[in-house]
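Working notes, structure below.
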Amino acid sequence: AGGGGPESSVAEQALVRPRGRVVPPFVFTRRGSMFYDEDGDLAHEFYEETIVTKNGQKRAKLRRGHKNLIPQGIVKLDPPRIHVDFPVILYEV
């Protein structure tokens, strides 16, 4: 009944509250990494085909498009993820 065993120290650590701002355990949204083009297509990258004439020969070449792209915005996560700063250690038994 002295309370000096390892069980009591684990119980004390479990009751300690984190200092600073409170971090919620789950993340429900994130910023999207894709873009919309003028046609409404959604992708990570867009390419356009251009014709290049070299030594009298016509060749098709792909060029990455950067203009007129709209970011996807906020994306809802389903299912929610665990926040990276949440102070919990997960382990498999």
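The values are calculated or read from the model by the stated rules, or taken from the named source; none is laboratory data. Everything quoted here is computed from the prediction, not taken from an experiment. A quick note on method: Cβ atoms are made from the backbone with ideal geometry, for glycine too, and the neighbour counts reach across all protein chains shown. Just the protein is used for accessible areas: all its heavy atoms, side chains included, with ligands, DNA and RNA removed. Shrake-Rupley method; radii C 1.70, N 1.55, O 1.52, S 1.80 Å.
Structure notes:
- Residue within segment 28-35 that is under 30 Å from Asp85 (Cα atoms), open to solvent by less than 50 Å² (accessible area, probe 1.4 Å) and touching a residue at least 40 places away in the same chain (Cβ under 8 Å) present: yes
- Given (1) under 30 Å from Pro25 (Cβ atoms); (2) in a strand (DSSP E or B); (3) open to solvent by 100 Å² or more (accessible area, probe 1.4 Å), index of the condition Leu90 fails: (2)
- Against the list (1) at pLDDT 90 or above; (2) open to solvent by 90 Å² or more (accessible area, probe 1.4 Å); (3) not in a strand (DSSP E or B), the condition Gly40 fails is (2).
- Count of segment 45-78 residues which are without any contact (Cβ under 8 Å) to a residue 12 or more places away in the chain and either surrounded by 10 or more Cβ atoms within 10 Å (Cβ to Cβ) or among the hydroxyl-bearing types (Ser, Thr, Tyr) (or both): 3
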